[in-house]
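Single-structure report; data block below.
The values are calculated or read from the model by the stated rules, or taken from the named source; none is laboratory data. Just so we're clear, the structure is a prediction, and the values are computed from it rather than from any experiment. A quick note on method: Cβ atoms are made from the backbone with ideal geometry, for glycine too, and the neighbour counts reach across all protein chains shown. We work out accessible area using only protein heavy atoms, side chains counted, and drop any ligands, DNA or RNA first. Shrake-Rupley method; radii C 1.70, N 1.55, O 1.52, S 1.80 Å.
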Amino acid sequence: MTVWLAHLLNLAWVSIVGITATAAGRRVCRVAGWRLSTLTERVVLAAGLGLAFLAYLIWAVGIIGWLTPPMLWGVLVGLTILGLPEWPLGWRMARGVMSPRKWRLENGLISLLIGMIVVQVGLIVLANLAPLSAGDPTYYMAPFRQYLYEERIVWWPILSWNYPQLTGMLYTLAMGTRGDIAMASIGSMLTLLCIGVVWALARRYVSQTAAWLAVALVVIRSDFYTYATIIKVELAMIVFLVLGWLALLHWYEGHGHRWLVLVGLCAGLAASTKYQGLIAAGSLGVAACLGLFLGRGQLLAERGRLLGAVALAVAGAVVVMLPWYGRNWLLGGDPIWPLGYPIFSSLYYTAEEFQKFANWERGLGSSFFHFIIGPWLVTTRSSAYGTNDFRTIFTPVFLAFLPGLALIWSRLSIRKRRVAVLLLIGMGSSYTVWFFGGYQKLGYLFPMLVPAMVVTVIAIEGIWSQGKVLQVVTSVGLVVALVLSLVASAFQSLVALPYITGAVDRDAYLSSKVSLYGDLRWANANLPRDAKVLSLDLHPYYLERRLILGAPAYSGVLDYSTLRSPEELLVRLRSEEFTHILAPGRPLNETFAKASRELWPDTDLGNLVKVLMDTGYIVEIYHNLASRIISSRTFGWEDKGEYYIYEVRYP
Amino acid sequence: MQRVSWQSCALAAWIVLVYVAFLWQYVPYTGGVWGNIRRLLGL
């Protein structure tokens, strides 16, 4: 019962955040003159911009050093006041949405699609009732917890987390004001927002039926389910990208160059969620440029205004990206740490590591032939490129139905053709970078999902009317794809059931689902309340102590390279006030020795640590020989590893 | 009766081919449908 109550509270909380952000975002849209015609379009644009605005406010608060829960509530109240003038309009919007006329469903297909979407969202919400247990969030949420403990944005979390993290600010808000589990509500909110933006895009440029089909094809997928339940930043990236596409197409149809500025902002926001967003944001730019020369010469007529808008768009994108990319530059010597290694010789990174990812073996291949048949390989061999579980089930709809576009091309309206061409240009440029970038991870195709599915529904809608044979094949194909994905989601949701039904408590649930949880539990029970922990464990999310993430091989926490004696190391540890060190996998000196060999050959860190251990300054207080490492929560696979906890005793 | 064009037939065949190829990938890697079910049930 308490689980459901907590979830209701979170839903209420997230509604406040969503409505507050939307009202503020609406104000921004009004001031900038970005007015879209339909209700959904206005709401999703306002919500997207409002959430981004909120994230930047929290970032600013964090920079000043006021990142406390009361201050986070203060930000929400401030935003509410800012959005206050929009409330009458919001009320009219809500009445519009609620009116029964809006909800009259035109045909059985739409009802079926909505039903499936509701089931999928229900499964996502169900899975989100349990505390986070996947490896990923416990890995990348840890820095935001660190921010809260330090009450400021800490500039040196492990650099591999240093990718842009606008969404991370929203997670910080969730943790600071409603605790751990509120993050799941953020996941549900982003899911709904994704549905809204995809619907708005497909509704505007294809049709109402196509809009529901596009939403179903985007949301009812294993990868979308995964991102929505492990609360990854990908969903926020999708929201900003699709808003960018909406703005781009709107501009392309001649609604004025101010929309180009919005394209720049949305591209920058997408790029502020993750590096993948940077590539996808670039694809918006490519589509805009090529689109100009392909058929909308008249947009070039007002050249002065166009250039001004382009300048503003680029400036807007750079400004919103700066907090994250600028920080990477200052800290790691590489704005896109560590991807820019060949150019910037990124700090805390080695040529070997770069080579490892550049020559990743599990990709499709690197020849031009592989480039051409890539869509076939990705669809029919995806299980060979990724881990062998449900997350790699891609649906075959894009590959299957895209050729249909050629069949019906001559019958398509000019508007649909334009949209299809622009989306395909955008996708093509993203795919090219993905393919030749070397690290062909299938998950990184995700930003192309919405353009792919919108083009697919344009094709499906067209071929639907091309005779009985195609109608039957298309319906069977869609049902197979959607039902398969729904079954996969249901199967994954079952993982959370023992906790939701109360069969196991939180501790027991997390012990069986979260790697190394038992060790963090020991630390929570035994370390003093005022301990400050240097964590070489990359997943210290459930540690309830002040912590700094500081794995030597990735970190700018301590400049280990200058340390020459055990005394100097001790002084450094003391200056950071560390009282304990978490070291998974191997003894502390071995971890430091390895990092030292790879990154700082001039210093023998392993030996320095060893001396401190031998002389009693660093004392092992916990050693688990059989720590549980969960390799699949769904299948219950696990390995064993070691875990050490040390106390630092200063003279 | 409406005549079905060869393009429509070709497209239908392509769609079926893609689906078969897509589903086929899960046979060799997971021990087939039955093998997969058995493993999930822990048999």
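Worth pointing out:
- Residues of region A:491-528 that are of a type in the set (Gly, Ala, Ser), buried (at least 21 other Cβ atoms within 10 Å of the Cβ) and at pLDDT below 90: A:Ser493, A:Ala496, A:Ser515.
- A single entry from A:Ala384, A:Ala400 fulfils the requirement of being at pLDDT below 95 and at negative phi: A:Ala384.
- Per this entry, A:Ser485 is counted among residues that are in contact (Cβ under 8 Å) with a residue 24 or more places away in the chain and open to solvent by less than 10 Å² (accessible area, probe 1.4 Å).
Okay, residues lined up against (1) farther than 26 Å from A:Ala531 by Cα; (2) in contact (Cβ under 8 Å) with a residue 40 or more places away in the chain; (3) under 35 Å from the mean Cα position of the chain (by Cα):
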residue	(1), (2), (3)
A:Leu563	no, yes, no
A:Leu569	no, yes, no
A:Leu573	no, yes, yes
A:Leu588	no, yes, yes
A:Ala595	no, yes, yes
A:Leu605	no, yes, no
A:Val611	no, yes, no
A:Ile618	no, no, no
A:Asn624	no, yes, yes
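- Of all residues in region A:461-476, those that are more than 7 Å from every other protein chain (Cβ to nearest Cβ) have Cβ atoms under 8 Å from Cβ atoms of residues that are open to solvent by 60 Å² or more (accessible area, probe 1.4 Å) and in a helix (DSSP H, G or I), 6 or more apart or on another chain, in A:Gly462/A:Arg411.
- Residue match in region A:293-303 (condition: outside any loop (DSSP other than H, G, I, E, B) and either at pLDDT 90 or above or closer than 21 Å to A:Trp59 by Cβ (or both)): no
- Restricted to region A:413-443, and to residues there that are open to solvent by 40 Å² or more (accessible area, probe 1.4 Å) and hydroxyl-bearing (Ser, Thr, Tyr), the residue that is nearest to A:Val286 (Cα to Cα) is A:Thr432.
- Residues of region A:460-471 that are in a helix (DSSP H, G or I) and either of a type in the set (Gly, Ala, Ser) or within 30 Å of A:Tyr227 (Cβ to Cβ) (or both): A:Ile460, A:Glu461, A:Gly462, A:Ile463.
- Sole exception among (1) assigned to a helix (DSSP H, G or I); (2) open to solvent by less than 60 Å² (accessible area, probe 1.4 Å); (3) away from chain B (no Cβ under 14 Å) for A:Leu377, by number: (3)
Conditions (1) within 13 Å of A:Val242 (Cα to Cα); (2) part of a helix (DSSP H, G or I), marked per residue:
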position: A:Ala420; (1), (2): no, yes
position: A:Leu423; (1), (2): yes, yes
position: A:Met427; (1), (2): yes, yes
position: A:Val433; (1), (2): no, yes
position: A:Tyr439; (1), (2): no, no
position: A:Phe446; (1), (2): yes, yes
position: A:Leu449; (1), (2): yes, yes
position: A:Val455; (1), (2): no, yes
position: A:Ile458; (1), (2): no, yes
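- Given (1) within 14 Å of chain B (Cβ to nearest Cβ); (2) farther than 26 Å from A:Thr229 by Cβ, index of the condition A:Gly437 fails: (1)
- Per-region count, region A:355-374, residues under 25 Å from the mean Cα position of the chain (by Cα) and surrounded by fewer than 18 Cβ atoms within 10 Å (Cβ to Cβ): 7
- Filtered residues of region A:331-354 (kept if surrounded by fewer than 14 Cβ atoms within 10 Å (Cβ to Cβ) and touching a residue at least 60 places away in the same chain (Cβ under 8 Å)): A:Glu352
- Screening A:Val480 on (1) without any contact (Cβ under 8 Å) to a residue 60 or more places away in the chain; (2) open to solvent by 20 Å² or more (accessible area, probe 1.4 Å); (3) away from chain B (no Cβ under 14 Å) shows it passes everything except condition (3).
- Single match in A:Thr191, A:Thr138, A:Thr167, A:Thr172 (criterion: in contact with a His (Cβ under 9 Å, 6 or more places away or on another chain), of a type in the set (S, T, N, Q), in contact (Cβ under 8 Å) with a residue 60 or more places away in the chain and open to solvent by less than 10 Å² (accessible area, probe 1.4 Å)): A:Thr138
- Scanning region A:70-108 for residues that are at pLDDT 80 or above, of a type outside the set (A, V, I, L, M, F, W, C) and surrounded by 13 or more Cβ atoms within 10 Å (Cβ to Cβ) gives A:Gly74, A:Gly78, A:Thr80, A:Gly83, A:Glu86.
- Taking first residues from region A:510-526 that are among the aliphatic types (A, V, I, L, M) and partners that are at pLDDT below 90 and in a helix (DSSP H, G or I), the Cβ contacts under 7 Å between residues at least 6 apart in sequence or on separate chains come to A:Val514/A:Thr138.
- Residue list for region A:575-585, restricted to those being closer than 16 Å to A:Leu543 by Cβ, not β-branched (Val, Ile, Thr) and not in a loop (DSSP other than H, G, I, E, B): A:His580, A:Leu582, A:Ala583, A:Pro584
- For the criterion of being open to solvent by 20 Å² or more (accessible area, probe 1.4 Å), in a helix (DSSP H, G or I), modelled with pLDDT of 90 or more and in contact with a Phe, Trp or Tyr (Cβ under 9 Å, 6 or more places away or on another chain), A:Trp199 passes.
- Unmet requirement for A:Asn607, which otherwise passes all of (1) at pLDDT below 90; (2) open to solvent by 10 Å² or more (accessible area, probe 1.4 Å): (1)
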